[in-house]
Amino acid sequence: MPTIDVSLNDLEKLTGKKLPRDVEGLNNVLQFAKSEVERLEGDELAISVEDGNRLDLWCVEGIARELKGALGTESGMAEYIIVDSNYAVSVDRELEKTRPFIACAVVKGVKLSEQILKQLMQQQEKIDGTYGRDRKRSSIGLYDVDKIKWPLKYTVTKSGENAFVPLGFDKAMTPGEILELHPKGKEYGKLLDGFKSYPIFKDADGKVLSFPPIINSNDIGKVTSGTKNVLVEVTGTDWKTVRTVLLVVAMSLADRGGKLHSVKIEYQFKMPDGPTTVKTPDTKPEEMTIMQDDVNNLLGIELGAAEMEELLKKGRYDAAAEGEVVKVFVPPYRTDVMHAVDIIEDIAIKKGFDSFAPVTPQMPTIGSLTKLDLATSRIREVCIGLGCQEALTFVLTNKKNLFERMGTEENNVIELENPVSSEFSCMRSKLLPGLFQLLSANKHRDFPQNVFEIGDCVVPDAAEENGVRQTRRLAILMSHDKANLTGIRSVTEALLRNFGATFEIKKTSHPSFIESRCGEIKIGGHLAGIFGEIHPKILRNWDLDLPVTAIEIELDALKKF
Amino acid sequence: MYKLTAEGEKYLKEGLPEKNLIKKLAQMPLTMQELKTMAGSQIAVSWAKKNGWIEINAGALELTELGRKAIGMETSIENGLREIGRIGSTSEPVLAVLAARSLAEETRERTAFSEKEIAQLTPEIITSRAWERIPFRPYDVNAPAPVIHPGKKQMYRAFLDDVKRELTSMGFTEMEGPMVELSFFNMDALFMPQDHPARGVHGAYFVKEPQYGTVKKYDSIVKNVKKAHMEGMAGGKGWGGQFSEKESARLVLRSQGTAISARTMMGKVKVPGAYFSVARCFRPDKVDATHLTEFNQLEGIMLNPDVNLRSLLGLLKEFATKITGTDKVRFRPAYFPFTEPSVQGMFWHEGLKKWIEIMPAGIFRPELTAPLGINVPVMAWGFGVDRLFMIKENIADMRDLFTHDLKLLRDAKVL
C-alpha cells in the first residue's frame, strides 16, 4: 500500500479544519480516507493509504478532498470547472500498436512552490509505480506551458533521430542513445521492447517535450518552483487508466488554486469508446444505482434513504434516493467502483466502523479436521513417545543441502524462477536434509539428539494439474555415541507396527548411508522409505562428529488418509 | 569397596579439570579457540557446562552465577574423590558419576547389598525381605542428577494445534490445498486482475520447470472467471483488460491462503458452511527478524445468508478473544482485491500498550463468488498467525518459529 509523506500543516490548510496533532486522534480522522499514520514527527506526517486502487488518495490534496467530505467542510462531488480551450494534440496512427493513448490538461495560475512540487513528484512516482504498472499502463509528464508552442504532436521517431537533451544530462542524445546510456532509459527501456518506432512528444516547432514513457526533455520538458502554467500529459496502453490518472493529477493542481483548461486530442485511429477527437480532462460522473435493501443486508443495519444520501455525499458522491433505489453519481476518478458493494463499503466507512456493533454469528455447523491432519497428529505422538523432539523447518531450501551434502545425485526438484537468495532456491523433496541442518547447528548441545519432523515435500509430476506431486513425509534423526543400525531398525519397526502397516524391510544401498547398514521400507509392495546408519563422509559434510541414524518415510504410502 | 583410578588420583591431587577451568575463567576471559590447545579442555568444558557453571556465547566462555559460587565450594564429586581415597566408598549417585568418568573402580565384584546396608534395590533384596533387618544406605536427594530432555511437540506447532482445536470447536471444518498452485486459484479466481502488481516477480515465487500446469479440468469455471474479469458479472463491471488462460495455468508457490478457499468454494461446499486452513505460503522476501520468505496464514471462510459486516466484526471479535484473550478490539477500513467491504481488525496488547493489526478480513466480492457458483455472502479472513504467536509468546525474531536451535526447542515450556 502506498505511503506518502506530507506536511501536517499543509494537510490542515487544504482540509480547512483543525486536525488532531496526535497519532491516535489523526488515525480517527484518517480512517475516513482509508488511511492511517505511519509516522508523525512534528509537522512531518507519513500516511499509509490502505487502498491499492484509490489513486486519488495517494497525494495530500486527495486526502484533504476526502476529509473535507467526511468532516463536513464540503458535501457531494468535488466541483472542478474546466475552461474550454483551443489547445490541441494530434496522435499519430503508428502509435496504435505500441503506446496509443494520451490525455492532457492545462492548469493555469498555479504557482508551484518547492512544497507543492515535492508533492507532485511524489504523486507522479506513486501512480506511475503501482497504478501505472511501472509506467507500462500509464506514465505522467509535466511541462511549463509558457515554453511550449502549440499545437503539439504525439508521434513516433526512429531510434537515431530526434536527439534532445534529457533531464539530468547536458548533451543531446537520440532515443536510442538514451535507452543505452541514460539511467531511466536502462530502467524502463524494456517497455519499448519490440517496438519498430518509439513514441515521441513534440511541440509545433518540432522541439522534443519528452520521450514517453522514458524521460522528459531538460529544456522544455520540466517544471520548477515558480512555474505558473502547467501542462499535464499522461500516455499509456489503457485508455481508461490514462484518463483517470490525468484527472487525478489535474485535480491536485486545481486544489492548489490552478484553473483547468481542456486539451483537444485528435486520434488518427479508432478509440475504444467511439469518437476519435476527445477533450480531456473529463469530469463527467458515472451513474449507478444501489438498492437500499442491498446496503442494509450487506452491512447488517437499517439505514433510511436520507441517511444513505447523506453518507454518500460525505463520501464525495452525489446521490438521490428514489423509493427503494438510490441513484449514485460516481466521480470519474473512482475507477475502483466496479460494483454496488464498493459504494456500500464507502457508506460503511463514512458511517464509521466504530458505529457498527459486532454480532457474534450463529454457527450451525460442526467442525472437523482433515484425515491427513488427524493422522499426522497420531504419528507425531508416537515419535514423541520414542523420545524425539519435534522440529519445524522451511519448505524452501537449496540443491546443495538437498543433494550435494547428502552425497546423492541431483534429481526431481521444483526450482524457483525468481529466488531472492541462493539459500532458498528450490522446494524440498525430502525432509532429512532439513534435520541435518538442524543437527549441525547443535554440536555443543547435550546428546542424545533425537529429532523428527512431519511435513510436506514436492517433486515434479506431469500427471498432476499443478505439475507436482505433494506428499506428507516423516523423518527422524537419532544421534548419540551408540547410535547404530539395530537401534534405528527397532525404531523403524516400532513406528510401522504402530501405524498398522503391512511392511517388509530389505537390504539396500544408498549414497547417504553405510553400505550394508541401510534398509528400504516397502509398504504394500511399494518403496516407501529408507533407514540406516549415515555414512561418516556425509556426517563430515554436515560437520558432525557423532554417529547418526536416520529414517525417512512417505506417509501417503500408508494409504490411511 | 572402591579405589581411585590413576586419573582419579591425579584429579584428587591437582583438582577437577572443570573446577580448574572456572577458576581460570574467573581470572581471564577464554574462548573455545584458545582452549583447543590446552590438554583435557574438552572434558573440562563439557562438565562445566553440564553443571551449569559456564555458558558459551559466540565461541566465548562465560562464567554463570552458579559457576562463580562453585569456585569456593567443595562439589559432591570432589568430596567423593576424597572419601574413596580415605574409606573406599561414597554415596551411590556420586559413585555412579565417578565410575562413568573412569575416576574410580570397584576393587572386587560389586554386590547389591552388603550385610551392613542396602544400596540399589534388587529383586533379590525385595523378595528375600532383607530390607526388614538391614537399613537403607542414606542417599542425598540434593545430589545432582543427569539432565534429560523429553521428546515433545515443537512449540509453534503446538500453538497451531491449539488454534485448530479452537476453530473446530467453534464449528469450522479444516480445508487443504497444494503448496504449488495454479495462478488460477492463487489469483484469477480471487478476482486479482492478471496485470496486478502482486502477480509480478516481487509478489510471488514462480516455478522454473514446469512453468505451466493445466486448468482444463476447470473449463467452465475458468470461462466464468474470465467473464467476471473482462466484462463483469453479478452486477459488477469487471477489470476490462486482458485475460489469458495460459496465464491462469502458470504455476506459482501459493502466495496467499485464500487460494485454498477458492478451491473449497468451487468444490463440494456446504451452505451454511464454515471452513479454515493453516496454510504455508511463500513470497519473495528477504529473510530477517520480521520477515520470512515462507510463512503461515490462518485462512478461513464462512458462507451463510446472514453474513454481513456486523457478523463479520462479531466473528473477528470472537477470534481475538479466543486466541489472544482480550475483547478489546477495533476495526479500520482496509483494501484487499477480493473483499468489499474489507476491514483490518486490531486488538489491544496490554503488555506492549498498543493496537496490533492482525486480522485482515472482509466479505468476498460477488464477482469472486458468483463465478464459482456461490450465491450467498461469504466472509473471509487471512491472519498472520506467525505474528500472532510471536506476540503471544513475546518472541522478537520471526526466524525462531522455525528454529534450528535445540536449546530453544528443549527449553520451550509446554504450559
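Per-residue answers, yes or no, for (1) in contact with a strand residue (DSSP E or B) (Cβ under 6 Å, 6 or more places away or on another chain); (2) modelled with pLDDT under 95:
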residue	(1), (2)
A:188	no, no
A:191	no, no
A:200	yes, no
A:227	yes, yes
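The residue that is surrounded by the fewest Cβ atoms within 10 Å (Cβ to Cβ), counting only those in segment B:194-228 that are in contact with a helix residue (DSSP H, G or I) (Cβ under 8 Å, 6 or more places away or on another chain) and without any contact (Cβ under 8 Å) to a residue 60 or more places away in the chain, is B:197.
Restricting attention to helices (runs of 4 or more DSSP H) lying wholly within segment B:338-415, give those where 1 or more residues are buried (at least 16 other Cβ atoms within 10 Å of the Cβ) and at the interface with chain A (Cβ under 10 Å from one of its Cβ atoms).
Values: elements: B:366-369, B:385-393, B:406-411.
Passing ranges, in order: B:366-369, B:406-411.
Would you check which residues across segment A:388-421 are surrounded by fewer than 19 Cβ atoms within 10 Å (Cβ to Cβ), within 12 Å of chain B (Cβ to nearest Cβ) and of a type in the set (Gly, Ala, Ser) and list them? Within segment A:388-421, just A:421 meets the criteria.
Can you tell me which residues in segment A:210-225 are in contact with an Asp or Glu (Cβ under 6 Å, 6 or more places away or on another chain) and either modelled with pLDDT of 95 or more or polar (S, T, N, Q) (or both)?
As a first pass, look at segment A:210-225 and keep what is in contact with an Asp or Glu (Cβ under 6 Å, 6 or more places away or on another chain): A:223, A:225.
If the condition is that a residue be in contact with an Asp or Glu (Cβ under 6 Å, 6 or more places away or on another chain) and either modelled with pLDDT of 95 or more or polar (S, T, N, Q) (or both), then A:225 is the only one that fits.
Filtering segment B:7-45 down to residues that are within 14 Å of another protein chain (Cβ to nearest Cβ) and without any contact (Cβ under 8 Å) to a residue 12 or more places away in the chain, which residue is nearest to residue B:103 (Cα to Cα)? For segment B:7-45, the residue satisfying everything is B:42. Pairing residues of segment A:511-529 that are closer than 19 Å to residue A:484 by Cβ with residues that are polar (S, T, N, Q) and part of a strand (DSSP E or B), at Cβ distances under 7 Å and at least 6 apart in sequence or on separate chains, gives no pairs at all. Scan segment B:86-103 for residues that are surrounded by 17 or more Cβ atoms within 10 Å (Cβ to Cβ) and over 22 Å from residue B:121 (Cα atoms) and the total you get is 1. When only residues in segment B:265-309 that are of a type in the set (Gly, Ala, Ser) and in a strand (DSSP E or B) count, which is nearest to residue B:178 (Cα to Cα)? The residue in question is B:279. Selection over segment A:432-456 of residues that are touching a Ser or Thr at 6+ places or on another chain (Cβ under 8 Å) and either surrounded by 17 or more Cβ atoms within 10 Å (Cβ to Cβ) or within 21 Å of residue B:157 (Cα to Cα) (or both) gives a count of 13.
Within segment B:93-102, one or more residues are in a loop (DSSP other than H, G, I, E, B) and at pLDDT below 90.
Contact map, segment A:530-554: first residue of a type in the set (S, T, N, Q), second residue assigned to a strand (DSSP E or B), Cβ cut-off under 8 Å, separation 6 or more or different chains; pairs are A:549/A:477; A:549/A:478; A:549/A:479; A:549/A:531; A:549/A:532; A:549/A:533; A:549/A:534.
Is there a residue being within 37 Å of the chain's Cα centre (by Cα), polar (S, T, N, Q), on the phi < 0 side of the Ramachandran plot and away from chain B (no Cβ under 12 Å) anywhere in segment A:466-484?
Within segment A:466-484, the first condition is being within 37 Å of the chain's Cα centre (by Cα), and the residues that meet it are A:466-475.
Remaining after also requiring polar (S, T, N, Q): A:466, A:470-471.
If we keep only those that are on the phi < 0 side of the Ramachandran plot as well, we get A:466, A:470-471.
Those still in the list that are away from chain B (no Cβ under 12 Å) too: none.
Looking through segment A:466-484, none of the residues is within 37 Å of the chain's Cα centre (by Cα), polar (S, T, N, Q), on the phi < 0 side of the Ramachandran plot and away from chain B (no Cβ under 12 Å).
Filtering segment A:302-317 to residues that are within 24 Å of residue A:242 (Cα to Cα) and touching a strand residue (DSSP E or B) at 6+ places or on another chain (Cβ under 6 Å) leaves only A:317.
Please identify the pairs in which a residue from segment A:478-500 that is assigned by TED's automatic domain parsing to the domain that holds residue A:553 and in a helix (DSSP H, G or I) has its Cβ atom under 6 Å from the Cβ atom of a residue that is of a type in the set (Ser, Thr, Tyr) and crowded, with 20+ Cβ neighbours inside 10 Å, counting only partners at least 6 apart or on another chain. Note: pairs meeting the criteria are A:488/A:549. Exactly one residue out of A:318, A:282 is closer than 24 Å to residue A:248 by Cα, touching a residue at least 24 places away in the same chain (Cβ under 8 Å), in contact with a Phe, Trp or Tyr (Cβ under 7 Å, 6 or more places away or on another chain) and surrounded by fewer than 18 Cβ atoms within 10 Å (Cβ to Cβ), and it is A:318.
If I filter segment B:129-173 down to residues being more than 10 Å from every other protein chain (Cβ to nearest Cβ) and over 30 Å from residue B:117 (Cβ atoms), which single residue comes out as nearest to the chain's Cα centre (by Cα)? The selected residue is B:159. A residue that is farther than 30 Å from residue A:242 by Cα and in a strand (DSSP E or B) occurs somewhere in segment A:392-413.
Every test in (1) within 26 Å of residue A:483 (Cα to Cα); (2) within 7 Å of chain B (Cβ to nearest Cβ) is passed by residue A:379 save one, and that test is (2).
So, of the residues in segment B:225-259 that are part of a helix (DSSP H, G or I) and within 11 Å of another protein chain (Cβ to nearest Cβ), which turns out to be nearest to the chain's Cα centre (by Cα)?
First pass over segment B:225-259, keeping only residues part of a helix (DSSP H, G or I): B:225-230, B:245-248, B:258-259.
Now drop any that are not within 11 Å of another protein chain (Cβ to nearest Cβ), which leaves B:228-229, B:259.
Working: B:228: 41, B:229: 40, B:259: 24 Å.
By that ranking, first place goes to B:259.
The numbered conditions (1) in a helix (DSSP H, G or I); (2) touching a strand residue (DSSP E or B) at 6+ places or on another chain (Cβ under 9 Å); (3) within 14 Å of another protein chain (Cβ to nearest Cβ); (4) surrounded by fewer than 22 Cβ atoms within 10 Å (Cβ to Cβ) are all true for residue A:243 except (4). Residues in segment A:321-372 that are of a type in the set (Asp, Glu), surrounded by fewer than 16 Cβ atoms within 10 Å (Cβ to Cβ) and more than 8 Å from chain B (Cβ to nearest Cβ): A:322, A:324. Search segment A:28-39 for residues being surrounded by fewer than 16 Cβ atoms within 10 Å (Cβ to Cβ) and not acidic (Asp, Glu), and hand back the single one that is nearest to the other protein chains (Cβ to nearest Cβ). Ranking the qualifying residues of segment A:28-39, first place goes to A:28.
Candidates A:46, A:70, A:88, A:103: the one that is touching a helix residue (DSSP H, G or I) at 6+ places or on another chain (Cβ under 8 Å) and either of a type in the set (D, E, K, R) or under 30 Å from residue A:236 (Cβ atoms) (or both) is A:103.
Look at residue A:459 and say whether it is facing chain B (nearest Cβ under 8 Å), in contact (Cβ under 8 Å) with a residue 24 or more places away in the chain, surrounded by fewer than 18 Cβ atoms within 10 Å (Cβ to Cβ) and touching a Ser or Thr at 6+ places or on another chain (Cβ under 6 Å). Taking the combined requirement at face value, the residue does not satisfy it.
Across segment B:134-180, what is the total count of residues that are assigned to a loop (DSSP other than H, G, I, E, B), under 30 Å from residue B:268 (Cβ atoms) and of a type in the set (Asp, Glu)?
In the first step, residues of segment B:134-180 are kept if they are assigned to a loop (DSSP other than H, G, I, E, B); the result is B:134-135, B:137-154, B:171-172, B:175-179.
Add one more test, that the residue is under 30 Å from residue B:268 (Cβ atoms), and what stays is B:171-172, B:175-179.
If we keep only those that are of a type in the set (Asp, Glu) as well, we get B:176.
The qualifying residues number 1.
For segment B:262-287, a residue qualifies if it is out of contact with any helix residue (DSSP H, G or I) (no Cβ under 9 Å at 6 or more places or on another chain), buried (at least 20 other Cβ atoms within 10 Å of the Cβ) and at the interface with chain A (Cβ under 9 Å from one of its Cβ atoms), and the qualifying residues are B:282, B:284.
The values are calculated or read from the model by the stated rules, or taken from the named source; none is laboratory data. Predicted model, so just to flag it, every value in this text is computed and none were measured. Heads up, the Cβs are rebuilt from the backbone with ideal geometry, glycines too, and the neighbour counts pull from every protein chain shown.
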